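**Student:** What follows is a single structure, and I will ask about it in a moment.
Nothing in this text is a laboratory measurement; each read-out follows from the coordinates by a stated rule. In this text, all values refer to a predicted model and were calculated from it rather than measured experimentally. Glycine gets a Cβ as well: all are built from the backbone with ideal geometry, and neighbour counts include every protein chain shown.
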Amino acid sequence: MSHNRVRRFGQALVLTAEMPTGVEQMYAHFLHTPASVTRYSALLNKLPWSCSAHAKDIWTSEEWELREKLQELEWLATCTKANHTYLQSLSDNPDKVQLVYHGLDFDRFNYPQTTASETPAETVKIISVGRAVPKKAMTTCLKPLPCCQQSLTGTSPTLVVAHC
């Protein structure tokens with residue numbers, strides 16, 4: 001047994017000991033390390049668990065480990081067609097693997113079309129939650145603000161950023 005596997009099991013023991021009563025389902029965000037800890041804790045607690053998978057967590061994990069997790073979890077959501085196809089191919093029950101793209105499909109929403117001059121005089125809030133590291137490009141959110149102030153008559157755009 002690897003050092004990492006023992007470490008993940010130890011983390012699962014702590015999670016299990018600290019878990020509040022009444023938990024009915026466990027969820028891991030990322031299929032590698034977080035899912036290992038969640039999986040062990042779910043087994044100890046006799047609880048169902050689910051997961052989301054993105055990129056590194058899929059493509060750097062061993063196939064056998066992905067197969068084991070896919071066999072035990074209730075459902076898994078992933079964000080690209082390539083991930084979806086690959087994970088379904090590893091699962092005994094491909095229907096467990098759901099494709100959920102990032103973002104919103106605005107065609108699903110009915111909203112009024114307005115121009116900048118028709119925009120109500122209220123604050124425009126841009127909310128961004130993420131890690132403040134260069135690869136996440138959080139500063140990109142700041143660049144359009146001067147443009148927004150000029151184009152949205154009567155508004156006061158603000159940026160709210162929560163760094164994790």
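**Student:** If packing is taken as the average number of other Cβ atoms within 10 Å across a peptide's residues, how do 89-99, 49-59, 32-42, 16-26 rank, most packed first? Mind dumping the intermediate values first?
**Tutor:** Values: 89-99: 13.9, 49-59: 18.7, 32-42: 22.3, 16-26: 9.9.
My ranking of the peptides, most packed first, is 32-42, 49-59, 89-99, 16-26.
**Student:** Taking R0 as 35 Å, what FRET efficiency do you get between residue 23 and residue 109 from their Cβ-Cβ distance, rounded to the nearest 0.05?
**Tutor:** Numbers: r = 34 Å, r/R0 = 0.96.
Step by step, r from the Cβ atoms, then E = 0.55.
**Student:** Aspartates and glutamates near residue 96 by alpha-carbon distance under 18 Å, same-chain residues fewer than 8 away left out - which ones?
**Tutor:** The reachable aspartates and glutamates, counting only those whose Cα sits under 18 Å from residue 96, are 57, 63, 65, 68, 72, 74.
**Student:** List the residues whose amide H sits under 5 Å from the amide H of residue 28, counting only those 5 or more places along or on another chain, with H placed 1.01 Å from N in the peptide plane.
**Tutor:** Residues meeting the amide H criterion: 50, 51, 52.
**Student:** By how many nm would the segment from residue 100 to residue 79 lengthen if fully extended, with 0.36 nm per residue of separation less the alpha-carbon distance? Walk me through the numbers before you get to the answer.
**Tutor:** Values: separation 21, 0.36 × 21 = 7.56 nm, distance 0.50 nm.
Net length gain for the segment: 7.1 nm.
**Student:** Give me the net charge of residue 73's neighbourhood, meaning all other residues with Cβ under 9 Å from the Cβ of residue 73; Lys, Arg count +1, Asp, Glu -1. Show your work: numbers first, answer last.
**Tutor:** Values: positive: 39, 69, 96; negative: 72, 74.
For residues surrounding residue 73, the net value is +1.
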